[in-house]
Amino acid sequence: MKDKLETIKKIFITIGDCFCLCCCCCCLFFSCFKTAFAISDVNLYSESSFKQRSNNAVNATKLTALQAVWKERLHLYLQLGLEEDTKSNHTEVYNYNHAFAGVGGRFFLLPQLFLFGEIRGNQQLLPKERAAAYRKLEQRMGAIFYSYDELFQDKTNLFAENYGELISSNQLRKHSNLYGTIKSKLGNRFTLPDSWREFLSAHSMGIDAFALGELKRDRRGYYEENVQEIGLGIRPQLRWNHWSIAFDVSKVWGAYAGVERENKNPYGSKSKYDDFRLLFTLYADQLQGGL
């Protein structure tokens with residue numbers, strides 16, 4: 001019981017840190033750049049996740065200022081971000097723990113698909129990682145796809161949500177990797193009473209029930225990047241004009257692909273597993289008009 005309470009405490013501390021960071025980053029970012037550039041959009045994305053199997057909570061937050069420069073298909077951007085977890089310490093590292101600032105560009109081939117390239121300057125937050133000079137500067141490029149489709153709109157509330165990425169990361173040419181991820185969800189949205197939505201002044205409010213599938217691979221053979229999973233979940237979410245929040249609760253069953261190159265399976269010979277997961281996400285756009 002004590003371990004469960006400690007885990008719940010870590011999750012809420014992570015979400016609280018995330019919210020405070022969002023507010024601080026927004027204030028700093030607007031102070032520095034709002035009057036200097038004619039920015040098309042400023043958006044914020046933050047997620048806090050927890051995996052029971054690893055007993056680790058991870059927070060990742062990005063604040064991005066975009067400028068459209070050619071027919072709304074080419075965007076240049078500035079980005080500030082932070083990634084941290086609750087399990088890493090001075091001697092062991094389980095997840096990236098760094099703050100970063102970067103510049104880059106995106107070119108949309110389709111409304112759902114874009115290519116990107118960026119350069120980041122990283123500041124490691126853990127002493128063990130800080131000693132690795134090659135992590136200071138990172139070049140990233142790749143392709144990202146995202147779509148959300150409502151199926152049989154006149155008859156059902158079914159939806160299909162798909163995400164895919166192929167990303168190359170190069171840190172001063174001393175530590176490079178290629179990542180690939182495909183995620184899919186197929187589910188049904190249950191709308192809640194209008195009185196609830198009006199009470200919260202929300203644009204929309206609902207609960208998604210879904211089945212999910214995920215496939216991950218990488219070139220270097222990291223365990224977490226070489227798995228395949230299926231699962232079931234629910235996702236309550238709220239949307240306002242420029243803000244949205246969602247809270248995913250899911251149960252997954254997965255298998256390790258057995259791709260051992262530079263990294264071994266930390267769970268020994270066991271390849272199959274199940275896991276309970278939580279994910280809180282916050283997204284906001286058009287922040288250049290003020291909070």
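The values are calculated or read from the model by the stated rules, or taken from the named source; none is laboratory data. Remember, it's a predicted structure, so these values are computed and weren't measured experimentally. All Cβ positions, glycine included, derive from the backbone under ideal geometry; neighbour counts span all protein chains shown.
For segment 93-103, does any single residue satisfy the condition of being surrounded by fewer than 14 Cβ atoms within 10 Å (Cβ to Cβ), more than 29 Å from Tyr148 (Cα to Cα) and either in contact with a helix residue (DSSP H, G or I) (Cβ under 9 Å, 6 or more places away or on another chain) or in contact (Cβ under 8 Å) with a residue 60 or more places away in the chain (or both)?
No.
Could you look through segment 212-234, keep only residues that are outside any strand (DSSP E or B) and not small (Gly, Ala, Ser), and pick out the one that is surrounded by the fewest Cβ atoms within 10 Å (Cβ to Cβ)?
If we take residues in segment 212-234 being outside any strand (DSSP E or B) and not small (Gly, Ala, Ser), then Glu224 is surrounded by the fewest Cβ atoms within 10 Å (Cβ to Cβ).
Residues of segment 38-47 being touching a helix residue (DSSP H, G or I) at 6+ places or on another chain (Cβ under 7 Å) and in a loop (DSSP other than H, G, I, E, B), which ones?
Within segment 38-47, just Ile39 meets the criteria.
Report whether or not Phe280 is among the aromatic types (Phe, Trp, Tyr), more than 18 Å from Leu158 (Cα to Cα), surrounded by 15 or more Cβ atoms within 10 Å (Cβ to Cβ) and at pLDDT 90 or above. I'd like the intermediate steps shown before the answer.
On the way: among the aromatic types (Phe, Trp, Tyr): yes; more than 18 Å from Leu158 (Cα to Cα): yes; surrounded by 15 or more Cβ atoms within 10 Å (Cβ to Cβ): yes; at pLDDT 90 or above: yes.
Considered against the rule, which asks whether it is among the aromatic types (Phe, Trp, Tyr), more than 18 Å from Leu158 (Cα to Cα), surrounded by 15 or more Cβ atoms within 10 Å (Cβ to Cβ) and at pLDDT 90 or above, Phe280 comes out as yes.
Can you spot a residue in segment 77-86 that is more than 15 Å from the chain's Cα centre (by Cα) and surrounded by fewer than 18 Cβ atoms within 10 Å (Cβ to Cβ)?
No: segment 77-86 contains no residue that is more than 15 Å from the chain's Cα centre (by Cα) and surrounded by fewer than 18 Cβ atoms within 10 Å (Cβ to Cβ).
Conditions tested, residue by residue: (1) part of a loop (DSSP other than H, G, I, E, B); (2) buried (at least 16 other Cβ atoms within 10 Å of the Cβ).
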residue: Ile167; (1), (2): no, yes
residue: Asn170; (1), (2): no, yes
residue: Ser176; (1), (2): no, no
residue: Tyr179; (1), (2): no, yes
residue: Ile182; (1), (2): no, yes
residue: Lys185; (1), (2): no, yes
residue: Arg189; (1), (2): no, yes
residue: Ser201; (1), (2): yes, no
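Pairs under 7 Å by beta carbon, first residue surrounded by fewer than 16 Cβ atoms within 10 Å (Cβ to Cβ) in segment 235-248, partner assigned to a loop (DSSP other than H, G, I, E, B), six or more apart or different chains?
So the pair list comes out as Trp240/Ala202; Trp240/His203; Asn241/His203; His242/Asp285; His242/Gln286.
Go through (1) within 18 Å of the chain's Cα centre (by Cα); (2) over 22 Å from Leu44 (Cβ atoms) for Arg120 and report which single condition fails.
Result: Arg120 passes all but (2).
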